Amino acid sequence: MDPNQKRAKAVDRVDSVDTGAASSESTRMCPFPDEVLERVLSLIGSHKDRSSVSLVCKDWYNAERWSRRHVFIGNCYSVSPEIVAARFPRIRSVTLKGKPRFSDFNLVPEDWGADVHPWLSVFSTAYPFLEELRLKRMAVSDESLEFLATNFQGFKALSLLSCDGFSTDGLKAIATNCKNLTELDVQENGIDDLGGHWLSCFPESLSSLEILNFASLNSEAPQLMELGTGTFMQELVSGPVTELKNTFSNCKHLVTLSGLWDATPLYLPVIYPACARLTFLNLSYATLRSIELANLLTHSKSLRRLWLLDTVGDKGLEAVGSCCPLLEELRVFPADPFDQEIFLGVTESGFVSVSRGCPKLRYVLYFCRQMTNAAVATIAQNCPDFTHFRLCIMNPGQPDYLTKEPMDEAFGAIVKTCTKLQRLAVSGLLTDRTFEYIGKYAKNLETLSVAFAGSSDLGMEYVLGGCPKLRKLEIRDCPFGNAALLSGLTKYESMRSLWMSACNVTMNGCRELAKEKPRLNVEVMKDEGSDDSQAHKVYVYRTVAGPRRDAPPFVLTL
């Protein structure tokens with residue numbers, strides 16, 4: 001096998017499977033005709049399963065190659081677009097992630113990289129039939145959006161999440177040129193808003209649009225299944241309120257609703273007619289109080305996913321527990337995370353109420369200012385099927401506020417009880433005992449996020465020595481140093497990435513890691529005025545593309 005073929009074969013492993021070799025049986029001739037095998041493999045939806053299938057033998061590898069229609073790339077620098085195009089010739093849908101997740105907390109400089117344009121340039125030749133593109137934490141320019149809109153004639157779906165670099169002019173190009181658009185989701189991005197005129201660029205005859213999510217809504221779209229409303233105007237009077245209510249009444253197929261900025265009790269009833277079928281309600285921009293939320297939820301009995309601000313308080317979460325028995329995902333965000341004088345919001349009481357009334361809860365992201373070990377243990381008992389548990393106690397190093405003990409037993413209860421756990425974010429006052437629990441019991445954990453926690457290098461060593469399925473480890477402001485970093489030498493090549501910032505790692509430790517594992521990219525981001533011997537921000541990831549070619553001067557690849 002020539003080097004190019006080897007690199008192409010590795011693409012599907014980059015974010016999906018371990019790099020195991022095919023068995024000795026792999027050289028046997030496949031008993032199925034290629035057409036039959038491709039048809040069978042096309043029924044496999046999971047990219048992880050498809051990647052495993054491709055390792056069985058050469059025939060299965062080729063069949064999987066030609067039948068693959070979607071590719072997921074969890075790190076845009078783990079592979080090059082050229083290798084992707086060589087590996088999979090018939091891709092119609094691409095999911096591409098860029099910057100490390102801690103960029104959401106402004107820990108990654110804006111000009112770090114992750115430009116989508118090189119990918120689009122390759123795809124325009126390799127995949128002119130591309131229909132769907134989903135980007136997360138990528139740098140996207142107006143020029144890139146215009147290029148996308150004019151070079152992929154059958155394009156149907158664009159989703160941008162936590163991306164930046166573009167304006168409403170780029171959205172204008174999408175609205176003008178994508179005649180078959182079914183989805184446009186551009187919420188939670190750094191968009192330069194030049195006005196709502198771009199909405200008028202959608203053809204009046206456009207009837208294919210099912211998902212529309214943006215900052216400001218100025219047009220009707222009765223065929224929508226998903227809608228992001230943006231701002232409710234405070235100047236609405238009875239006529240416009242009635243008209244808007246009629247508009248929502250016509251949205252018979254709406255399953256997702258988000259936005260509702262500045263919505264007051266006077267205007268909330270206009271959306272009631274559209275709530276019966278809702279499965280996802282995103283109120284993370286709406287500063288609702290408990291009674292307003294309770295009234296809204298009485299019309300929303302089918303909810304599976306709910307995002308809220310903590311202004312609803314514990315009483316609002318009691319309403320969630322009473323009205324949403326089918327709920328599978330809950331996210332509660334802080335209305336003002338930086339004001340330490342605020343004593344409102346949600347506590348352990350509201351969380352326990354939800355866990356009692358929502359036994360199907362699988363995913364939780366919960367921001368609060370106080371928590372107890374006993375409450376988390378109760379929550380774990382009530383919802384043992386958690387796959388994602390992200391608890392953020394906003395004051396770093398906060399203990400159990402009743403007993404003043406560390407929060408070790410809380411997270412111990414989660415990893416012991418919730419055996420399906422895949423993602424965990426820990427917070428509060430934590431010692432190495434928490435990480436000992438994680439390493440010992442979290443057998444299905446794939447992503448771990450840690451901040452302001454731990455006592456010594458031993459904590460990180462526990463995690464890297466356990467957690468057999470760990471793929472992403474994100475650490476900031478912890479007392480972990482070189483010994484902790486190097487304890488993962490046998491682990492990193494089976495992981496997607498490691499992030500460490502504001503820890504005790506040095507440049508020498510990073511150089512040793514790079515020397516021992518040349519197939520990893522070990523990147524150090526230097527802060528202006530920082531100690532040259534310290535590695536303040538370290539990003540380690542596996543790649544088949546080698547060191548990236550667009551690294552800015554402050555990024556050193558060792």
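The values are calculated or read from the model by the stated rules, or taken from the named source; none is laboratory data. As the structure is a prediction and not an experimental result, all values here were calculated from the model. Here Cβ is always computed from backbone atoms with ideal geometry, including for glycine, and neighbour counts include all displayed protein chains. All accessible areas refer to the heavy atoms of the entire protein, side chains included, with ligands and DNA or RNA removed. Shrake-Rupley method; radii C 1.70, N 1.55, O 1.52, S 1.80 Å.
Evaluated against (1) within 27 Å of residue 272 (Cβ to Cβ); (2) open to solvent by 10 Å² or more (accessible area, probe 1.4 Å), residue 364 falls short on exactly one condition, (2). For residue 511, the conditions (1) in a helix (DSSP H, G or I); (2) more than 26 Å from residue 458 (Cα to Cα) all hold with the exception of (2). Considering only the range 485-511, state which residues are hydroxyl-bearing (Ser, Thr, Tyr) and free of Cβ contacts under 8 Å to residues at least 60 places away in the same chain. If the condition is that a residue be hydroxyl-bearing (Ser, Thr, Tyr) and free of Cβ contacts under 8 Å to residues at least 60 places away in the same chain, then 487, 490, 492, 506 are the ones that fit. Only residues that are surrounded by 24 or more Cβ atoms within 10 Å (Cβ to Cβ) and on the phi > 0 side of the Ramachandran plot: list them for the range 458-487, please. Answer for the range 458-487, where residues must be surrounded by 24 or more Cβ atoms within 10 Å (Cβ to Cβ) and on the phi > 0 side of the Ramachandran plot: just 467. State which residue is surrounded by the fewest Cβ atoms within 10 Å (Cβ to Cβ) when the search covers only the range 89-102 and only residues that are among the charged types (D, E, K, R) and modelled with pLDDT of 95 or more. By that ranking, first place goes to 92. Considering only residues in the range 288-306 that are under 18 Å from residue 359 (Cα atoms) and hydroxyl-bearing (Ser, Thr, Tyr), the one that is least open to solvent (accessible area, probe 1.4 Å) turns out to be 300. May I ask you to verify whether residue 548 is in contact (Cβ under 8 Å) with a residue 60 or more places away in the chain and open to solvent by 10 Å² or more (accessible area, probe 1.4 Å)? Taking the combined requirement at face value, the residue satisfies it. Looking across 361, 344, 365, one residue alone is touching a Lys or Arg at 6+ places or on another chain (Cβ under 6 Å) and hydrophobic (A, V, I, L, M, F, W, C). It is 365. Of all strands (runs of 3 or more DSSP E) completely enclosed by the range 421-492, which ones contain at least 3 residues that are aromatic (Phe, Trp, Tyr)? Those strands (runs of 3 or more DSSP E) do not exist here; none qualify.
Condition check ((1) open to solvent by less than 30 Å² (accessible area, probe 1.4 Å); (2) touching a residue at least 24 places away in the same chain (Cβ under 8 Å); (3) in contact with a strand residue (DSSP E or B) (Cβ under 9 Å, 6 or more places away or on another chain)) across all residues:
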{"site": "375", "(1), (2), (3)": "yes, yes, no"}
{"site": "404", "(1), (2), (3)": "no, no, no"}
{"site": "413", "(1), (2), (3)": "yes, yes, no"}
{"site": "420", "(1), (2), (3)": "no, yes, no"}
{"site": "425", "(1), (2), (3)": "yes, yes, yes"}
{"site": "436", "(1), (2), (3)": "no, yes, no"}
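When the range 307-351 is filtered for residues that are open to solvent by less than 20 Å² (accessible area, probe 1.4 Å) and of a type in the set (Val, Ile, Thr), the ones remaining, listed by number, are 312, 320, 332, 346.
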